[in-house]
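Structure record follows, encoded as structure tokens.
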Amino acid sequence: MQLYAGIDLHSSNIYLGILDGKNKRIFGKRLPNCIEKIKMALEPFKKDIADIAVESTYNWYWLVDGLMAEGYPVRLANPAAMKQYDGLKYKDDKTDAFWLAQMLALKILPEGYIYPKEGRPVRDLLRRRLRYVNHRTSHILSFQSLITRNLGIKMSARQIKRLKTEDIHQLFDSPHLILAADSSRAAIEFYKSRIKIMEKQVLPQVECKPEFELLRTIPGIGLILSQTIMLEVGDIMRFRKVGKYVSYCRCVKSENLSNKKKKGEGNRKSGNRYLSWAYVEAAHHSMRFCPAAHKFYQRKKAQKNGAVATKALAAKLARASYYIMRDRVPYNGEKLFGS
């Protein structure tokens, strides 16, 4: 008798529900987030469990890794793609867990990708780097605003990065403004130093892979962007078609049409936001250094607007990188933009 288990995961506890092939509830219990207690609860059913569905929340690593280490077949459920009947009057963790198990049994569970455990630390470190870059940018913008507001001058980001404590004392005469400005300068320096350390740590982990250098043949994709793309993608063969990959990169429209009229939108957040950022950044760089990309951008901008044109160029680059990583071939501008 095959059994199907669903786990509704939260920050401090889970709800485990087990069904048989006839949709009969065999076991249901709330357990703390302790892998040993969860394994003890599953042990009596281990021989018969065909699949376990775990809800893909922010903290799924420990649970999925622990279950897979014990030999359990685990599926990562995509919450953004799951939808229960809208007319349900009552729903809780118990019903959610058994709903996961039921979709497993019916073979209709929308699945997420279980990124290999050994590659997660490097990928997550690069994600942390991006967060620090955003923090540094926010401090730079705040510093620029402080200077413009009090001195009536505009200072570029490059000039602000070069400022020293003595320069700030010359700019402002108020001790309060000096403290505020020097605090921003210190924060910028801190994030800058940590970003450099992270980059030195990540580079040796990815430079040996053949896809790494090939991605850099695309105009606009440099060292950091190629690292981000390759680490976020993982195994490119999990995308059977290029359209699936471009959609995963959030480079396609999210809308529902009926009789050529827009009736609503789909889930705009479905996909990978880090890949979305990477290809938009690549589009901005590409239009500066590649004449064909700049021409494509200008044509799209004349038809729609700048934001749509940038996204269209990002989608183009995403399609190119898919074939480069899948087939391990260098970039060919004529295939992407035409001769």
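General remarks:
- For the range 3-17, filtering for residues that are hydrophobic (A, V, I, L, M, F, W, C) and over 14 Å from Ala50 (Cβ atoms) leaves 4.
- Residue in the range 85-95 that is aliphatic (A, V, I, L, M), on the phi < 0 side of the Ramachandran plot and touching a residue at least 40 places away in the same chain (Cβ under 8 Å) present: no
- Evaluating Arg128 against the criteria (1) loosely packed, with under 12 Cβ neighbours inside 10 Å; (2) in contact (Cβ under 8 Å) with a residue 60 or more places away in the chain leaves one unmet condition, (1).
- Residues satisfying the stated conditions in the range 183-215, i.e. free of Cβ contacts under 8 Å to residues at least 40 places away in the same chain and crowded, with 18+ Cβ neighbours inside 10 Å: Phe212
One line per residue, one yes/no per condition, for (1) of a type in the set (S, T, N, Q); (2) modelled with pLDDT under 95:
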| site | (1), (2) |
| --- | --- |
| Met1 | no, yes |
| Tyr4 | no, no |
| Gly17 | no, no |
| Asp20 | no, yes |
| Pro32 | no, no |
| Met40 | no, no |
| Asp48 | no, yes |
| Ser56 | yes, yes |
| Asn78 | yes, yes |
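- Only residues that are within 27 Å of the chain's Cα centre (by Cα), assigned to a loop (DSSP other than H, G, I, E, B) and not polar (S, T, N, Q) were counted across the range 73-113, and they come to 8.
- Counted residues, the range 304-318 - those being surrounded by fewer than 19 Cβ atoms within 10 Å (Cβ to Cβ) and charged (D, E, K, R): 1
- Filtered residues of the range 92-126 (kept if closer than 28 Å to Arg273 by Cβ and of a type in the set (D, E, K, R)): Asp93, Asp96, Glu111, Lys117, Glu118, Arg120, Arg123, Asp124
- Identity of the residue in the range 136-161, of a type in the set (Val, Ile, Thr) and surrounded by fewer than 16 Cβ atoms within 10 Å (Cβ to Cβ), that ends up farthest from Tyr191 (Cα to Cα): Ile153
The values are calculated or read from the model by the stated rules, or taken from the named source; none is laboratory data. Everything quoted here is computed from the prediction, not taken from an experiment. We place every Cβ from the backbone using ideal geometry, glycine too, and count neighbours over all the protein chains shown.
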